[in-house]
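The values are calculated or read from the model by the stated rules, or taken from the named source; none is laboratory data. Here the structure is a predicted model, which means the values were calculated and not measured. We place every Cβ from the backbone using ideal geometry, glycine too, and count neighbours over all the protein chains shown.
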Amino acid sequence: MKEQQNENRNGSGGIEMQTSDQQGNVLRESCKTNSNSSSTCERHESVLVYCTECTYIVCGQCEKKHALHHQLKLSDASKLTKGRMNIETTRVKNLIRYANIVIKDLHIYLEKLSASLTDITNQVLQRSAGAPEEHDLLTDSLLNDVQTENDTETNRIRNKITEFDEFIASAKNKVVSFENLMNAVDDTYVITKGNCLLKSTSSLMASLPNCPKERCMYVISPLSPQSDGKEHTTEELVGQLSKIKVPWRIEVKRTGSFRPDSVSSRFVTTMCPADDELVWVVWQWGPGIQLVDKEGTVKETVDVGCKVDDICTHNDTLIVSSHESKSIKILDKNHEIIQTINTEKVPRGVYPVSSKELIVCCVENLHHRKGDTSSLLRVNINSGTVQELPCSEHLIQPWRVAVNVNGDICVSDRNKGCVLIFDIEGNLKASYSGPDTSTRHPFAPHAICCDRYGQIFVVDYTNHTVHVLDPMGRFRGFLIMDTELEKRAIFMGTSSPFSVTIDSVGDVWVGNKFGYLTVLHYNK
């Protein structure tokens, strides 16, 4: 028989806890608590504790089974609950910020849709001006089709905006509930109410709406040149409306594309942000690491004396992974190597997860061989100790790693053709193997980074684009320039992208196999 723990506020402000079966029949009354920070069982007058295994407040005399369980004082359990609520409050606030930028993006699309309607309507009217009056019915029919299509698409986007608005309202209510409870002083109430709120947070996260996966383009058939003195038919003169569905794109503007004069190497193999909108860049695996500004000027060069696989910034200094030496090198503020942490496997991507720890993805060989195993490591910078996370079964050949604002570990696995998202303990939360919409080639994830809203940016080398995922790891759109054709992005600066990073003001830097850097400004 499955038992259920029920907790109810009694008239005096305390909490009565009962155990009941699925039909709601009370099996036993565990205890009654007083509503002060040192609550006691009213039946046995013993101090209550919090059982971390059963996750509720207990009296040892009421239920003997808790004697072997790990227990906390109510004051300590209350602090622990408030700490968890503080973490979840931050996560929910991040989702609110993310939802707001999606809404802004959707409004921009609606503005473009309205402008497209006006443009097409003007085209139809201008072209139909030369048609006989008796064919006005055809013109009116076409204009009605244009208006209907526009209304349908507009309503689809407005409905999506409403979904995000409703999510934001629910999320804000959750934040208020968390903040009010974190200011409460009654330990018993904080624990019981806090646990309920924390459990309901996962359902709130799951309710984050999906973004539209496609957008529509409307085109009037062009007026072909007359041949052999034949006049255009009325249908040709007025034109026909075509609707083209394309994958959702995120509007960006290219602010620069360059390769420093002092650089002759191809392949921007890795990058990471520095202060003041500068970016550290590695060409052709180093050993030089160069500090570059948005004008393409190299401000500084650091030589680490070995091939560089990946880099990240940490506490105003650089951390380097080297596949050549199978090591992680930590530099000081003067860019001198002060610590080397050797690894059994080949380190690839590296990223700071806290002030003391790094996440490193490791492989057995640079090119995957049958029987190879890969791993995700937590490396303590101070002690040099290494802990392997229990997620190797999900990995084939991890390439790069990043941690988003919610503390999720995002890994790009090239051989698996997948982006994997783990929690900090290494439990798989989500995976992404490409959008539902078709692409020219299979998804080939390379570099990966995250922005301040929890969005995940993934370089897709073979499809010449960057995928943008929402904080839950779902497809949000392609990062494509506003000067490009919708269906393909091939020109100097974005062809064959290889690396990506986001600078201190939120601009996206894309490095390609030709050694060029392209800076993109997107609507944040």
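Consider Gly256 against the criteria (1) more than 30 Å from Val350 (Cα to Cα); (2) among the small types (Gly, Ala, Ser); (3) in contact with a strand residue (DSSP E or B) (Cβ under 7 Å, 6 or more places away or on another chain): it satisfies all of them except one. Which criterion is unmet?
It is condition (1) that Gly256 fails.
Which residue out of Asp460, Asp423, Asp436 is in contact (Cβ under 8 Å) with a residue 60 or more places away in the chain, out of contact with any Ser or Thr (no Cβ under 6 Å at 6 or more places or on another chain), of a type in the set (D, E, K, R) and not assigned by TED's automatic domain parsing to the domain that holds Arg97? It would help to see each step written out before you state the result.
Details: Asp460 fails: in contact (Cβ under 8 Å) with a residue 60 or more places away in the chain; Asp423 fails: in contact (Cβ under 8 Å) with a residue 60 or more places away in the chain.
Result: Asp436 is the single residue among Asp460, Asp423, Asp436 that is in contact (Cβ under 8 Å) with a residue 60 or more places away in the chain, out of contact with any Ser or Thr (no Cβ under 6 Å at 6 or more places or on another chain), of a type in the set (D, E, K, R) and not assigned by TED's automatic domain parsing to the domain that holds Arg97.
Among the listed residues Leu138, Leu95, Leu106, Leu110, which satisfies the condition of being touching a helix residue (DSSP H, G or I) at 6+ places or on another chain (Cβ under 8 Å), in a helix (DSSP H, G or I) and at pLDDT below 85?
Working: Leu95 fails: at pLDDT below 85; Leu106 fails: at pLDDT below 85; Leu110 fails: at pLDDT below 85.
The unique qualifying residue is Leu138.
Would you confirm whether any residue within region 132-148 is of a type in the set (A, V, I, L, M, F, W, C) and under 27 Å from the mean Cα position of the chain (by Cα)? Can you show your working first?
Taking region 132-148 as the starting set, the residues that turn out to be of a type in the set (A, V, I, L, M, F, W, C) are 137-138, 142-143, 146.
Applying the additional criterion that residues be under 27 Å from the mean Cα position of the chain (by Cα) yields none.
No: zero hits.
Among the residues of region 342-351, which ones are at pLDDT below 95 and part of a strand (DSSP E or B)?
Asn342
Which of the numbered conditions does Ala206 fail, given that it passes all the others? Conditions: (1) at pLDDT 95 or above; (2) within 23 Å of the chain's Cα centre (by Cα).
Condition not satisfied by Ala206: (1).
Taking the residues in region 373-407 that are of a type in the set (Gly, Ala, Ser) and not in a strand (DSSP E or B) as candidates, determine which candidate is nearest to the chain's Cα centre (by Cα).
Let us first name the residues in region 373-407 that are of a type in the set (Gly, Ala, Ser), namely 374-375, 383-384, 392, 402, 407.
Narrowing further to those that are not in a strand (DSSP E or B): 374, 383-384, 392, 407.
On the way: Ser374: 23, Ser383: 31, Gly384: 29, Ser392: 22, Gly407: 11 Å.
Restricting to residues being of a type in the set (Gly, Ala, Ser) and not in a strand (DSSP E or B), the top hit is Gly407.
Which residues, taken from region 359-394, are surrounded by 19 or more Cβ atoms within 10 Å (Cβ to Cβ) and either among the hydroxyl-bearing types (Ser, Thr, Tyr) or not assigned by TED's automatic domain parsing to the domain that holds Ser327 (or both)?
Matches in region 359-394: Ser374, Ser375.
Which of the numbered conditions does Val459 fail, given that it passes all the others? Conditions: (1) closer than 17 Å to Arg249 by Cβ; (2) outside any strand (DSSP E or B).
Against the list (1) closer than 17 Å to Arg249 by Cβ; (2) outside any strand (DSSP E or B), Val459 comes up short only on (2).
Going residue by residue through region 273-296, is there one that turns out to be surrounded by 12 or more Cβ atoms within 10 Å (Cβ to Cβ), small (Gly, Ala, Ser), free of Cβ contacts under 8 Å to residues at least 60 places away in the same chain and not in a loop (DSSP other than H, G, I, E, B)? Give the steps one after another, and end with the answer.
Applying the first criterion (surrounded by 12 or more Cβ atoms within 10 Å (Cβ to Cβ)) to region 273-296 yields 273-274, 277-294, 296.
Keeping just the survivors that are small (Gly, Ala, Ser) gives 274, 286, 288, 296.
If we keep only those that are free of Cβ contacts under 8 Å to residues at least 60 places away in the same chain as well, we get 286, 288.
Cutting the leftovers down to not in a loop (DSSP other than H, G, I, E, B) gives us 288.
Yes - at least one qualifying residue is present in region 273-296.
Which of the residues belonging to region 408-445 are farther than 23 Å from Pro212 by Cα, touching a Cys at 6+ places or on another chain (Cβ under 7 Å) and in a loop (DSSP other than H, G, I, E, B)?
Passing the criteria: only Gly426.
Quick check on Val353: is it touching a residue at least 24 places away in the same chain (Cβ under 8 Å) and buried (at least 22 other Cβ atoms within 10 Å of the Cβ)?
On the way: touching a residue at least 24 places away in the same chain (Cβ under 8 Å): yes; buried (at least 22 other Cβ atoms within 10 Å of the Cβ): no.
No.
Which count do you get for residues in region 241-260 that are touching a His at 6+ places or on another chain (Cβ under 7 Å) and surrounded by 14 or more Cβ atoms within 10 Å (Cβ to Cβ)? Break it down into steps so the answer makes sense when it comes.
Taking region 241-260 first, the residues touching a His at 6+ places or on another chain (Cβ under 7 Å) are 252-253, 255.
From the residues that got through so far, the ones that are surrounded by 14 or more Cβ atoms within 10 Å (Cβ to Cβ) too are 252.
Selection size over region 241-260: 1.
I'd like to check something: does region 234-245 contain any residue that is in a helix (DSSP H, G or I) and among the hydroxyl-bearing types (Ser, Thr, Tyr)? It would help to see each step written out before you state the result.
Within region 234-245, the first condition is being in a helix (DSSP H, G or I), and the residues that meet it are 234-238.
When the remaining residues are screened for being among the hydroxyl-bearing types (Ser, Thr, Tyr), the result is 234.
Yes: one or more hits.
Only one residue in Ser354, Ser321 is out of contact with any helix residue (DSSP H, G or I) (no Cβ under 9 Å at 6 or more places or on another chain), part of a loop (DSSP other than H, G, I, E, B) and among the hydroxyl-bearing types (Ser, Thr, Tyr). Which one?
Values: Ser321 fails: part of a loop (DSSP other than H, G, I, E, B).
Just a single option satisfies the conditions, and that option is Ser354.
State all residues of region 170-190 that are surrounded by 15 or more Cβ atoms within 10 Å (Cβ to Cβ) and not in a helix (DSSP H, G or I); if no residue qualifies, say none.
Residue satisfying the conditions is Asp186 alone.
Testing Leu223 on (1) exposed (fewer than 14 other Cβ atoms within 10 Å of the Cβ); (2) not in a helix (DSSP H, G or I), one condition comes back false. Which one is that?
If we test Leu223 against (1) exposed (fewer than 14 other Cβ atoms within 10 Å of the Cβ); (2) not in a helix (DSSP H, G or I), just (1) comes out false.
Please determine, by comparing only the residues of region 320-345 that are of a type in the set (A, V, I, L, M, F, W, C) and in contact (Cβ under 8 Å) with a residue 24 or more places away in the chain, which one is nearest to Cys272 (Cα to Cα).
Just the residues of region 320-345 that are of a type in the set (A, V, I, L, M, F, W, C), to begin with: 320, 328, 330-331, 337-338, 341.
Now narrow it down to the ones that are in contact (Cβ under 8 Å) with a residue 24 or more places away in the chain: 320, 328, 330-331, 337, 341.
Numbers: Val320: 11, Ile328: 16, Ile330: 15, Leu331: 15, Ile337: 18, Ile341: 20 Å.
The qualifying residue nearest to Cys272 (Cα to Cα) is Val320.
Consider Val238 against the criteria (1) buried (at least 19 other Cβ atoms within 10 Å of the Cβ); (2) at pLDDT below 90; (3) among the aliphatic types (A, V, I, L, M); (4) in contact with a Cys (Cβ under 9 Å, 6 or more places away or on another chain): it satisfies all of them except one. Which criterion is unmet?
(4) is the only condition that Val238 fails.
Taking the stated definitions as given, is Val263 closer than 19 Å to Lys513 by Cβ, assigned by TED's automatic domain parsing to the domain that holds Ser499, of a type in the set (Val, Ile, Thr) and surrounded by 21 or more Cβ atoms within 10 Å (Cβ to Cβ)?
Criteria not met by Val263.
Please determine, by comparing only the residues of region 245-263 that are more than 27 Å from the chain's Cα centre (by Cα) and touching a residue at least 40 places away in the same chain (Cβ under 8 Å), which one is farthest from Glu149 (Cα to Cα). Spell out how you get there, then give the answer.
The initial filter retains those residues of region 245-263 that are more than 27 Å from the chain's Cα centre (by Cα), namely 258-263.
When the remaining residues are screened for being touching a residue at least 40 places away in the same chain (Cβ under 8 Å), the result is 258-259, 263.
Numbers: Phe258: 41, Arg259: 44, Val263: 51 Å.
Applying the filter and picking the extreme gives Val263.
Select from region 315-335 the residues that are surrounded by fewer than 20 Cβ atoms within 10 Å (Cβ to Cβ) and within 26 Å of the chain's Cα centre (by Cα) and write down the one among them that is modelled with the highest pLDDT.
Thr317
Looking only at region 70-86, which residues are free of Cβ contacts under 8 Å to residues at least 12 places away in the same chain and within 21 Å of Asp423 (Cβ to Cβ)?
Leu80, Gly83
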